[in-house]
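The values are calculated or read from the model by the stated rules, or taken from the named source; none is laboratory data. Every value quoted in this text rests on a predicted model; they were computed, and no experiment measured them. Every residue, glycine among them, receives a Cβ derived from its backbone with ideal geometry; neighbour counts consider all protein chains shown.
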Protein chains: 2
Amino acid sequence: MRILLAGLLAASALPVLAQTAPAPPPLSAAEQAADRAIATIRDRALDDEVAWSITEDLTTEVGQRLAGTEAEARARAWAIRRLTSLGFANVRIDPFTMPVWERGFERADLVGPYPQRLVVAALGNSASTPPGGVTGEVIAFASVDALRAAPAEQVRGKIVYIGHDMPRTQDGSGYGIYGAPRRQGPTIAAQKGAAAILVRSIGTDREHRNPHTGVMSFAEGVKPIPAGALSNPDADQLERVVKRSGERRPTLRLILESTLKTNQQSGNVIAEVPGRDPNAAPVLVSCHLDSWDLGTGAFDDAAGCGIVTAAAKRIMDAGTPARPIRIVWFGAEEVGLFGGLDYRAKYGKLPHHAIMESDFGADRVWRVDSRLGEARIGEARQLQRALLPLGVVPGSLTETDGSDIGPMVADGLPGAALQQDGTRYFDIHHTPDDTLAVIDKAQLRQNVAAWTGALAVLAGPITPRSATRPRR
Amino acid sequence: MRILLAGLLAASALPVLAQTAPAPPPLSAAEQAADRAIATIRDRALDDEVAWSITEDLTTEVGQRLAGTEAEARARAWAIRRLTSLGFANVRIDPFTMPVWERGFERADLVGPYPQRLVVAALGNSASTPPGGVTGEVIAFASVDALRAAPAEQVRGKIVYIGHDMPRTQDGSGYGIYGAPRRQGPTIAAQKGAAAILVRSIGTDREHRNPHTGVMSFAEGVKPIPAGALSNPDADQLERVVKRSGERRPTLRLILESTLKTNQQSGNVIAEVPGRDPNAAPVLVSCHLDSWDLGTGAFDDAAGCGIVTAAAKRIMDAGTPARPIRIVWFGAEEVGLFGGLDYRAKYGKLPHHAIMESDFGADRVWRVDSRLGEARIGEARQLQRALLPLGVVPGSLTETDGSDIGPMVADGLPGAALQQDGTRYFDIHHTPDDTLAVIDKAQLRQNVAAWTGALAVLAGPITPRSATRPRR
């Protein structure tokens, strides 16, 4: 009976929904012509090769490029060469300095009751273990809250383990909630006198023995302790061992060696597409050049640099946009948004027409959010229309986001966000598996087309190259 | 036109096929009753917990158990305890000795033109590199045949790389063909004076940065060289680097440390289900207890031990089979079939009713092959009928196979093979990812049901426990 009723409701709900969907506002002939021009340049981008070649070449010819290291410096030199050869203007480095934490030898062994090795990776800013490592009993918690509630005398001198159960989500929203063991766990464990801390990798792959690294920092005044991540299968294993050990806690030996240097060199790489009005506020399109050290940073974030750069090049090659496009390949995102904060300090008070970033892999764009302000609602709707044919659903008109640009988004700068499908993003994130092999070329091209469409709206309209030629 | 003709042929082919399919021979009332009894015990096994608990407990409480090591000895002690507590008879170890190769520190770095680390694992029986490793130019070959054709002066002093393009197949048949770089490559490279050899991992996962280890051996009189496997993404990377380097070959530094000990202890663990006729030839069901060192050997082959043992226990718990069932958990399979050869030397000349092994993961059984001889064709068909309801297709009646039992299969002993779906087997094979996390419980249970059905045929008929009670 309930089933029958549900069926009737479902049948009647459909036409109701169709009737209440907002009718699109009628478009003027000029708007229709603009949409057609945008569609043409957007759809041509579906055979793009530039994004792939940036992704392949950077990850092959440089590989991992941890922020502040000699490898990131090679990546900046590579970026200058590539952006120059692509024909962009004002290609340059904005340098800054930063502290650099580097991974050394690392190993975790269960000593008892079931001796075996576990796969571990130190988290960024972990303390280095003394020679011979740290050996201690393991005390396991299901969450940061459980650790917080534990009396210090229970934790003191032990190796803390914190689990979680992060699910795959399309928008990656689990990262904020389930990242707590990595972000807050080390400080709380250190405050309670723990000898070290291991967290279940902040990742969604359940079957791969890949630890997910990532940055964390100890709260002011807290003495750092060694902090690492176990792969998900190893976290499962440790949880099983803890359960079987009962009152007799398992013993673990942990070696996490690392070095910390102050005042190392990093920088943002910047390039531009000039606009018709050189004084117009630029459209900022960005990504980050640095990567974590375990993979080659194809998904995070060489592909992002490929996508935004390929889109900007398509606009440049089509002619001259109304406004300048500023491409920024941020340095030192992974380890604390150093590049984004440096840019903000230097240019954050200057007008920007829109700020945008691609830093969520290379899978397809599925939704567009923007926050351009009430006066620019027409532009925001044009942006939605420009992306819908690529299967991109219209999202928020009052919210946007980004990683390096996050602080400037918080400052209130106008911007847009082309949201990518993140279903498998946290399978790969910060692991050795982040290599060119995970990039899906068809989805990468859809990204380039979406960004090209977005730039055609936000930086446009474009004066075609033929029309600009007489001015030379 | 061709399409139309093909359509007509397809339409007419269907009834023809249906008409030519062999009609099943009519079954006697006794055969039908036997099939019903087998179906009952088989289908009860679909809720089995024994196979899972063996797989979980062995991989948790022992973990990796490289043949001939102290870990494998702990695994044997564990096996004796478990098989005894499950109620089997004559639980014992058949010891033997063997040489043991053990992995040490290993690391591969491209020195130029694009400095970066590559993920490598030594192959079993690799020579150990000298202190500081081996540094040399890389010479790449697409196949073993290409290496074979190369003049020795081109190879001398270099680090050889061999690629391949192994596809996923349901029956794992690619392993024989595509395993050549690992099996023959090291000897050929050593004969031509190579400093070392790296092969593309003999595996089908394209996106995971897991090297696949595995055993190889140098031909008689050939001086061993260091030999390792790159993960598939790292092999892709090296191939790209070689291509970009052109005449200026890339330089690689390789550290593969290892130790070799002679005369180490291993052994087969044996247990039995007594039959009504103690002198009847036994049905041998087997698996291997040892694992490679990188994972915890859940797929290869704790699950196999779980499957065959769970099935034998179901027969034992149901009553007394006509013939004894002999369970063998072979030692030292991975590194050269030492356990299988020891068993063959001791018992290979004695009659066996059938020999069988489960050593191809834990995914579902999809085909049954057997070679019981012409006189036992009725038994072979009964075996096919017993498994068909589980979706297991009838296969060969003249061929069977197995790993540890392979030499005895070659000797001509009768046997059967429950072929498992191997589509993802070589994604996981010999990598760190071979852990409990890859086991699919539903498929594991289908395996137990198939083996229970097979044992009910081959060791049966079973005298029910109630019928045997009066004899006590």
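Would you say A:ALA332 is surrounded by 24 or more Cβ atoms within 10 Å (Cβ to Cβ) and not in a helix (DSSP H, G or I)? Yes; evaluated as a whole, the condition is true for this residue. On the stretch given as the range B:105-129, residues that are over 30 Å from A:GLU61 (Cβ atoms) and within 13 Å of chain A (Cβ to nearest Cβ) total 0. In the range A:175-206, which residue that is in contact with a His (Cβ under 9 Å, 6 or more places away or on another chain), more than 14 Å from A:ILE428 (Cα to Cα) and not basic (Lys, Arg) is surrounded by the fewest Cβ atoms within 10 Å (Cβ to Cβ)? Only one residue tops the list, namely A:ILE177.
Among the residues making up the range B:360-373, those that are among the basic types (Lys, Arg) and not in a loop (DSSP other than H, G, I, E, B) are B:ARG367, B:ARG371. Within the range B:224-236, being closer than 11 Å to B:GLY203 by Cβ and either surrounded by fewer than 24 Cβ atoms within 10 Å (Cβ to Cβ) or small (Gly, Ala, Ser) (or both) holds for B:ALA229, B:SER231, B:ALA235.
Scanning for something out of contact with any Asp or Glu (no Cβ under 7 Å at 6 or more places or on another chain), under 22 Å from B:GLY422 (Cβ atoms) and either among the hydroxyl-bearing types (Ser, Thr, Tyr) or modelled with pLDDT of 95 or more (or both), does the range B:313-333 turn up at least one residue? Yes, there is a match, as at least one residue in the range B:313-333 is out of contact with any Asp or Glu (no Cβ under 7 Å at 6 or more places or on another chain), under 22 Å from B:GLY422 (Cβ atoms) and either among the hydroxyl-bearing types (Ser, Thr, Tyr) or modelled with pLDDT of 95 or more (or both). Kindly check whether there is at least one residue in the range A:207-223 that is of a type in the set (A, V, I, L, M), surrounded by fewer than 24 Cβ atoms within 10 Å (Cβ to Cβ) and out of contact with any Gly (no Cβ under 8 Å at 6 or more places or on another chain). The answer is yes; a qualifying residue exists.
Set side by side, the residues B:GLY87, B:GLY68 differ, and just one is away from every other protein chain (no Cβ under 13 Å), more than 30 Å from A:THR69 (Cβ to Cβ), within 22 Å of the chain's Cα centre (by Cα) and part of a loop (DSSP other than H, G, I, E, B), which is B:GLY68.
The set of residues in the range B:335-359 that are closer than 24 Å to B:ARG376 by Cβ, without any contact (Cβ under 8 Å) to a residue 12 or more places away in the chain and not in a loop (DSSP other than H, G, I, E, B) contains only B:TYR347. What number goes with the only condition from (1) among the polar types (S, T, N, Q); (2) away from chain A (no Cβ under 14 Å); (3) assigned to a loop (DSSP other than H, G, I, E, B) that B:THR187 does not pass? Result: B:THR187 passes all but (3).
Yes or no, residue by residue, for (1) touching a residue at least 60 places away in the same chain (Cβ under 8 Å); (2) surrounded by 23 or more Cβ atoms within 10 Å (Cβ to Cβ); (3) acidic (Asp, Glu); (4) assigned to a strand (DSSP E or B):
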residue	(1), (2), (3), (4)
B:LEU397	no, no, no, no
B:THR400	no, yes, no, no
B:ALA410	no, no, no, no
B:GLY422	yes, no, no, no
B:HIS430	yes, yes, no, no
B:ASP433	yes, yes, yes, no
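Restricting attention to the range A:174-184 and to residues that are touching a residue at least 24 places away in the same chain (Cβ under 8 Å) and not in a loop (DSSP other than H, G, I, E, B), the residue that is farthest from the other protein chains (Cβ to nearest Cβ) turns out to be A:ARG183. Scanning the range A:42-65 for residues that are touching a Ser or Thr at 6+ places or on another chain (Cβ under 7 Å) and crowded, with 23+ Cβ neighbours inside 10 Å, which turns out farthest from the other protein chains (Cβ to nearest Cβ)? Per the stated criteria, the residue is A:ARG42. Entry remark, the range A:126-184: residues being acidic (Asp, Glu) and within 19 Å of A:ARG206 (Cβ to Cβ) number 1 in total. Considering only residues in the range B:94-104 that are away from chain A (no Cβ under 14 Å) and surrounded by 19 or more Cβ atoms within 10 Å (Cβ to Cβ), the one that is nearest to A:ALA71 (Cα to Cα) turns out to be B:TRP101.
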